[in-house]
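Have a look at the structure below, then the notes.
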Amino acid sequence: MSDHDELARKVLAACEARGVMVATAESCTGGLIAAALTNIAGSSAVFDRGFVSYSNQAKMAMLGVSAATLEAHGAVSAETALEMAEGALSRSGAGIAVSVTGIAGPGGGDAHKPVGLVWFGLASRDEPTRAERRMFEDRGRAHIRSVSVEHALGMVLSSLSGR
């Protein structure tokens with residue numbers, strides 16, 4: 001059992017109740033959101049697929065993130081998170097997709113994009129794509145990745161609960 005099992009169960013139940021498949025597009029979490037969902041028996045009924053796109057090349061090839069977006073805004077940006085979520089939605093059978101891209105550390109941050117900065121995207125067939133920015137406390141890489149998983153699952157659940 002993971003720390004995210006209860007939230008993952010709620011997401012899966014909400015997807016099932018609404019007849020919606022879910023997809024993930026992950027960078028800094030490296031597949032942990034997909035793992036949290038697929039850790040639950042029966043998740044195959046509503047989990048379509050997960051994309052782990054750690055490099056910029058993978059973001060472009062797998063999710064259709066544009067080179068212009070990456071050059072202008074960087075991998076850790078609202079624009080990239082939006083394109084990742086939209087790419088996961090369009091390249092899957094899902095009705096909702098969540099994306100995450102950020103700086104989990106311990107290195108890689110700077111004054112403009114510090115360790116702990118994470119952007120999330122949420123795309124669905126029923127509402128406009130949106131991005132959310134979070135600045136998590138730098139309590140280590142594992143902490144930033146864990147709270148990112150929690151936030152992403154929460155975004156999906158909130159969106160599905162609002163329908």
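The values are calculated or read from the model by the stated rules, or taken from the named source; none is laboratory data. These numbers were taken from a predicted model, which means no experiment stands behind them. All Cβ positions, even for glycine, are placed from backbone atoms using ideal geometry, and neighbour counts span all protein chains on display.
Overview of values
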| quantity | calculated |
| --- | --- |
| Cross-chain or 6+ apart pairs with Cβ under 9 Å, the stretch 133-147 first and more than 11 Å from Pro114 (Cα to Cα), then acidic (Asp, Glu) and surrounded by fewer than 15 Cβ atoms within 10 Å (Cβ to Cβ) | His143/Glu137; Ile144/Glu137; Ser146/Asp3; Val147/Glu137 |
| Identity of the residue in the stretch 111-146, charged (D, E, K, R) and modelled with pLDDT under 95, that ends up farthest from Val46 (Cα to Cα) | Glu127 |
| Residue within the stretch 30-37 that is modelled with pLDDT of 95 or more and either polar (S, T, N, Q) or over 18 Å from Val147 (Cα atoms) (or both) present | no |
| Strands (runs of 3 or more DSSP E) wholly inside the stretch 83-154 containing at least 2 residues that are closer than 19 Å to Met62 by Cβ and not acidic (Asp, Glu) | 96-102, 117-124 |
| Selected residue [of a type in the set (Lys, Arg) and under 20 Å from Ser148 (Cα atoms)] from Arg91, Arg49 | Arg49 |
| Condition broken by Thr24, with the remaining ones in (1) under 19 Å from Ser159 (Cα atoms); (2) assigned to a helix (DSSP H, G or I) satisfied | (2) |
| Inter-residue pairs, beta-carbon under 8 Å, first surrounded by fewer than 24 Cβ atoms within 10 Å (Cβ to Cβ) and in the stretch 93-121, second of a type in the set (Lys, Arg) and at pLDDT below 95, 6+ apart | Gly95/Arg125 |
| Criterion: touching a residue at least 12 places away in the same chain (Cβ under 8 Å) and surrounded by fewer than 21 Cβ atoms within 10 Å (Cβ to Cβ) - qualifying residue of Gly74, Gly87 | Gly74 |
| Qualifying positions in the stretch 49-68 - crowded, with 19+ Cβ neighbours inside 10 Å and part of a helix (DSSP H, G or I) | Lys59, Leu63 |
| Selection within the stretch 134-163 - in contact with an Asp or Glu (Cβ under 8 Å, 6 or more places away or on another chain), polar (S, T, N, Q) and closer than 21 Å to Val52 by Cα | Ser146 |
| Exclusive hit being under 21 Å from Thr38 (Cβ atoms), hydroxyl-bearing (Ser, Thr, Tyr) and more than 12 Å from the chain's Cα centre (by Cα), set Ser161, Ser66, Ser92, Ser53 | Ser92 |
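Per-residue answers, yes or no, for (1) closer than 26 Å to Met135 by Cβ; (2) in contact with a Gly (Cβ under 8 Å, 6 or more places away or on another chain):
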position: Lys10; (1), (2): yes, no
position: Ala14; (1), (2): no, no
position: Thr24; (1), (2): yes, yes
position: Ile40; (1), (2): no, no
position: Ala45; (1), (2): no, no
position: Gly50; (1), (2): yes, yes
position: Gln57; (1), (2): no, no
position: Ala61; (1), (2): no, no
position: Glu79; (1), (2): yes, no
